Amino acid sequence: MIPFLNLKRINQAYEAEFKAMYQRFLDSGYYVLGNEVKQFESDFATYCGTKYCIGVGNGLDALTLIFKGYIALGQLSLGDAVAVPANTYIASILAIIHAGLKPVFIEPYADTYNMDVLELEKSYSKDIKAVLVVHLYGQLTHMSAINTFAKAKDLLVVEDAAQAHGARDAFGILAGNCGDAAGFSFYPTKNLGAQGDAGAITTNDNALFETILKLRNYGTSSKYVNDIIGYNSRLDEFQAAVLNVKLKHLDDDNLKRVEIAKCYLSEIKNEKIRLPFFSGEKNHVFHQFVIQIEDRVNLIDYLKHHQIGCLIHYPIPPHQQEALKQYKHLSLPITEAIHQNVLSIPLNISLSDDQIAYVIKTLNAY
Ligand SMILES: Cc1ncc(COP(=O)(O)O)c(C=O)c1O
């Protein structure tokens, strides 16, 4: 059996480091916003190349707090519209809604699944004040084109980097440093995954940084002094300690992912299967390896029969979800076709060479 993902095996690779870390964590006697969080914030900002990093509770909060931060600073107003790719995971849309803003659904490129810059230009209206770019499945879109358009129209650019830790744009700039602010998730399945919920924001904007520092901790500027209406969304100290162990391995882990992806791309040869687009550069860290197939149900049955796990990211597009029924009338054919045909096959650092070969052989025989 090849499970879609074996988180136990992935974390076991660093077991000795985790055990030492836990002893250190326990002995510290400091369990909320302590040195582990400080260390992670400093190291992750350095890693991404940004001035600031703020650890928060999860990826949804990271994105929501960015928008709420801009509202607190007067750079966005309640009711402003935010352009977002229509085929994203629902969390991107929820962040916009939770902040009191309005999503405008933009069709993606059919091959990279990223925001289509021409579609953004076509859908632009004066109500749009920000763009939420999503580096879906681990791949960056043409960030320079997005930033040029945003500058011309005076829009904020926010990155949803939940799936793209360590991915770079065409100029080598890391996800998290390609816009005005970025939200990361460290949900356990992510390329940089904690052992529970965790998230972070990166930015070079000092005012935004100071505001979100308060927002994540009851609006506090110093102990029991509250400047603004805040929340409790602090990066957990234990999760920060886990991330401090795993951040050191992120680049190697991403390299392994890209190596597996290259094997799949060169060796899966089946006319029924459309393989993901890969430019061969560092703009993709293969959070998911997403194929497209017209008879998806049959392929899922076939893979199940051959004991290979697979998942659909995602079966229903956000605008067709019951929770977002006010957008059900929208017609987004590219997005809808993607959601009908995509299937993610196993790609993670715990796969052995034999397992990779078995996945390839099985798909080629379909
Ligand atoms: C693209 C995207 N954005 C945001 C999130 C939200 O992250 P979290 O689950 O940590 O809240 C996720 C998580 O799955 C995601 O994939």
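The values are calculated or read from the model by the stated rules, or taken from the named source; none is laboratory data. Bear in mind the structure is a predicted one, so any value in this text is a computation, not a measurement. When we count neighbours, we look across all protein chains shown, and the Cβ atoms used for this are built from the backbone with ideal geometry, even at glycine. Protein only, heavy atoms only, side chains kept; ligands, DNA and RNA dropped before computing areas. Shrake-Rupley method; radii C 1.70, N 1.55, O 1.52, S 1.80 Å.
Could you tell me which of the residues 204, 217, 226 is over 25 Å from residue 135 (Cβ atoms) and in contact (Cβ under 8 Å) with a residue 60 or more places away in the chain?
217
Being aliphatic (A, V, I, L, M), touching a strand residue (DSSP E or B) at 6+ places or on another chain (Cβ under 6 Å) and more than 23 Å from residue 230 (Cα to Cα) narrows it down to one of 10, 2, so name that one.
So the residue among 10, 2 that is aliphatic (A, V, I, L, M), touching a strand residue (DSSP E or B) at 6+ places or on another chain (Cβ under 6 Å) and more than 23 Å from residue 230 (Cα to Cα) is 2.
For the range 146-264, list the strands (runs of 3 or more DSSP E) that sit wholly inside it and hold at least 1 residues that are surrounded by fewer than 23 Cβ atoms within 10 Å (Cβ to Cβ); which are they?
In the range 146-264, 156-160, 220-222 are the strands (runs of 3 or more DSSP E) which contain 1 or more residues that are surrounded by fewer than 23 Cβ atoms within 10 Å (Cβ to Cβ).
If you go through the range 330-345 one residue at a time, do you hit one that is in a helix (DSSP H, G or I), charged (D, E, K, R) and at pLDDT 95 or above?
Here is the first cut: in the range 330-345, the ones in a helix (DSSP H, G or I) are 333-341.
So of that shortlist, the ones also charged (D, E, K, R) come out as 336.
Among the residues that remain, those that are also at pLDDT 95 or above are: 336.
Yes, that holds for at least one residue.
Answer yes or no as to whether residue 89 is hydroxyl-bearing (Ser, Thr, Tyr) and closer than 16 Å to residue 160 by Cα.
For residue 89, the condition - hydroxyl-bearing (Ser, Thr, Tyr) and closer than 16 Å to residue 160 by Cα - is met.
Has the range 103-110 got at least one residue that is closer than 21 Å to residue 217 by Cβ and either within 18 Å of the chain's Cα centre (by Cα) or modelled with pLDDT of 95 or more (or both)?
No, there is no match, as no residue in the range 103-110 is closer than 21 Å to residue 217 by Cβ and either within 18 Å of the chain's Cα centre (by Cα) or modelled with pLDDT of 95 or more (or both).
Among what's in the range 125-142 and is within 24 Å of the chain's Cα centre (by Cα) and away from the ligand (no atom under 16 Å from the Cβ), pick the residue that is most open to solvent (accessible area, probe 1.4 Å).
Selected residue: 142.
Contact list please: Cβ distance under 8 Å, first residue in the range 43-62 and outside the structural domain of residue 167 (by TED's automatic domain parsing), second residue part of a strand (DSSP E or B), pairs at least six apart or on different chains.
Pairs found: none.
State whether the residues of the range 297-307 include one that is within 27 Å of residue 143 (Cα to Cα), touching a residue at least 60 places away in the same chain (Cβ under 8 Å) and not acidic (Asp, Glu).
Checking the range 297-307: not a single residue is within 27 Å of residue 143 (Cα to Cα), touching a residue at least 60 places away in the same chain (Cβ under 8 Å) and not acidic (Asp, Glu).
If residue 281 passes every condition in (1) in a loop (DSSP other than H, G, I, E, B); (2) open to solvent by less than 80 Å² (accessible area, probe 1.4 Å) but one, which one does it miss?
(2)
Answer yes if at least one residue in the range 94-107 is out of contact with any Ser or Thr (no Cβ under 8 Å at 6 or more places or on another chain), β-branched (Val, Ile, Thr), within 15 Å of the ligand (Cβ to nearest atom) and under 17 Å from residue 323 (Cβ atoms), and no otherwise.
yes
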